[in-house]
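The values are calculated or read from the model by the stated rules, or taken from the named source; none is laboratory data. All values derive from a computational prediction rather than experimental measurement. Note that we place each Cβ from the backbone using ideal geometry, even for glycine, and neighbour counts take in every protein chain shown. All accessible areas refer to the heavy atoms of the entire protein, side chains included, with ligands and DNA or RNA removed. Shrake-Rupley method; radii C 1.70, N 1.55, O 1.52, S 1.80 Å.
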Amino acid sequence: LVWWLVLSLAWLGPVLGGEEEEGEGVAEEEEAEEEGDVLSDELGEEDGVLVLHEHNFARALSEHRLLLVEFYAPWCGHCQRLAPAFAQAATELRNESSPARLGKVDATAQVALANEFGITSYPTLKLFRDGNRTHPLAYTGRMDAKGIVRWMQRRASPSATLLQDTDTAAAFVGSQDLVVVGFFKVGWGGRGPDLAVAVAMATHGVAPQDLESEAAQAFYEVAGEVVDLPFGVAEAAELFQAYGLAADTICLFKKFDEGRTDFPVDPARGLDVAELTRLLRVHSLELVMEFTKETSDQIFSAQIPHHMLLFLNKSSSAQLALQDGFRAAAGTFRGKVLFVVVDVTGYGADVLPFFGLTPADAPTLRLVKMENNRKYQMDQDAFSDTAIRTFIEAVLDGKVKPHLLSAEPPEDWDTRPVKVLVGKTFEQVAFDETKNVFVKFYAPWCSHCQAMAAAWEELGERYKDHEDIVIAELDSTANELENITIHGFPTLHYFPAGPGRKMVEYKSARDVETFSKFLENGGTLPEEPPVVSEVPPPQGQGPPPT
């Protein structure tokens, strides 16, 4: 269930990573070493991961050409969740006799190392290459075992395969469903044989500095980061002729849709690393994706700003036929809108409640704006390519209001000590100028919300007879608000009484006495520093609340 929520909430609401790591550790950093402890430079291991500290760090760098180091905090929940994957990756790399090794540093104990490498969030992963400790490379891969292994493999071997003739090129192009080949007539300063040297140099993170090789350098940089695609490089004239090219071009070969997409290198601008990466990501996806266990990760990591979803029952031939118009509309919006088919009786059934749908609602369409998870619905579903294009263009132009979910309010919602709000009752309560309204936005599955539930109920009991104070809560997984976006759970907002009221976010301790002090002081705690509530980035998490 939790896995599904993490996956689905990319469409449907704040991510699971929005929970705070609270109460799991110390309020202050521990000292680097207990008085009297002496550490040697021996390299110990835990689950195949080197255990590093300031006394053996230099030795680890000297003995391992490629060393990926995780700087962690013992109290950090994200670090705890990463630990099994990190250990698995270490084992896999060792089993394949890779020169790459993994290590870890307790940054709360090894303060000198944490300061040296500017560690400000946990976990932070850095790659040290060839013993160099002054310029470590930030880890940019996925935070799972497969992603770590692929990222390290790409740095332990040539990031691109040199294709020398038509036979090797054809074999490479046909080897996988997706491959990338960079064709460079003057790839490395016009010196054809030096391309092989450049491949070897790229293996060690070194790029030739010849000004004429800038496009090829950019290509190798992309190849080093996009580790889930194989990259090849070619300069032979016969290969340009065989693939119908006259100028430097990046070609994406695929065994679906149009089969091949070309990205010509602009002679004046060269190759932009970020733009080429984006184009490869976008065009590596099928024009219309089906939401399955195998494709779900691709869909949510695509970084395409809008998703257009067709919910249908695949057991119905009539509904399957609706895919024709859906596909016909998709090409117009490639890179801007990702088209996804969701089978309401298959893998997609579990996400239906988050859209307020049941299998009986199929076929139907929804457009999701990924930036704020706003969902848009046609007034009346129409499945022709023209109707779909018109609807999407209207949404992109800001001419369509989002479709907001709302549960039905319980019959006794306003008689309980804690008022139970839903989308359709929120404004009448929260925006009542005669009341000071304190609202908890929560998710039923959120452990931190569950931990503070008793305190919130007690707060409601304490203020149930106050005419001007309302304690309320809203399930943000079942209700959406037009002007308030919740990014993490729980989120607490205070709406003071009076005209021109401004919403105040509460960020302090979550206990009844502190809540009461906040309410009695009109929505402020001037004498107490707030606890920072944060949504950690994919790779890290800040120190614990103090």
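A few remarks follow.
- Note on the stretch 237-249: among residues that are touching a residue at least 60 places away in the same chain (Cβ under 8 Å) and surrounded by 18 or more Cβ atoms within 10 Å (Cβ to Cβ), the one that is farthest from the chain's Cα centre (by Cα) is LEU239.
- When SER98, SER40 are screened for being open to solvent by 20 Å² or more (accessible area, probe 1.4 Å), among the polar types (S, T, N, Q) and touching a helix residue (DSSP H, G or I) at 6+ places or on another chain (Cβ under 8 Å), only SER98 passes.
- ASN483, sole failed condition from (1) touching a residue at least 12 places away in the same chain (Cβ under 8 Å); (2) assigned to a loop (DSSP other than H, G, I, E, B); (3) within 20 Å of ASN373 (Cβ to Cβ): (1)
- Residues that are open to solvent by 40 Å² or more (accessible area, probe 1.4 Å) and touching a Gly at 6+ places or on another chain (Cβ under 9 Å), drawn from the stretch 263-278: ARG278
- Residue check for THR364: surrounded by 15 or more Cβ atoms within 10 Å (Cβ to Cβ), closer than 15 Å to ILE388 by Cα and hydroxyl-bearing (Ser, Thr, Tyr): yes
- Selection of the stretch 487-512 for residues being under 30 Å from LYS369 (Cβ atoms) and open to solvent by less than 20 Å² (accessible area, probe 1.4 Å) yields GLY488, PHE489, PRO490, THR491, LEU492, HIS493, TYR494, PHE495, TYR506.
- Residue list for the stretch 441-478, filter: crowded, with 21+ Cβ neighbours inside 10 Å and either of a type in the set (S, T, N, Q) or outside the structural domain of SER516 (by the TED database) (or both): SER476, THR477
Okay, residues lined up against (1) at pLDDT 90 or above; (2) touching a helix residue (DSSP H, G or I) at 6+ places or on another chain (Cβ under 8 Å); (3) assigned by the TED database to the domain that holds VAL222; (4) within 27 Å of PHE256 (Cβ to Cβ):
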| position | (1), (2), (3), (4) |
| --- | --- |
| PRO123 | yes, yes, no, no |
| PHE128 | yes, yes, no, no |
| PRO136 | yes, no, no, no |
| ALA145 | yes, yes, no, no |
| MET152 | yes, yes, no, no |
| VAL173 | yes, no, yes, yes |
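- Those residues of the stretch 281-339 which are aromatic (Phe, Trp, Tyr) and more than 22 Å from CYS251 (Cα to Cα), in sequence order: PHE291, PHE300, PHE311, PHE326, PHE339
- For the stretch 163-181, the set of residues classified as open to solvent by 40 Å² or more (accessible area, probe 1.4 Å) and within 13 Å of PHE240 (Cβ to Cβ) consists of ASP165, THR166, listed by residue number.
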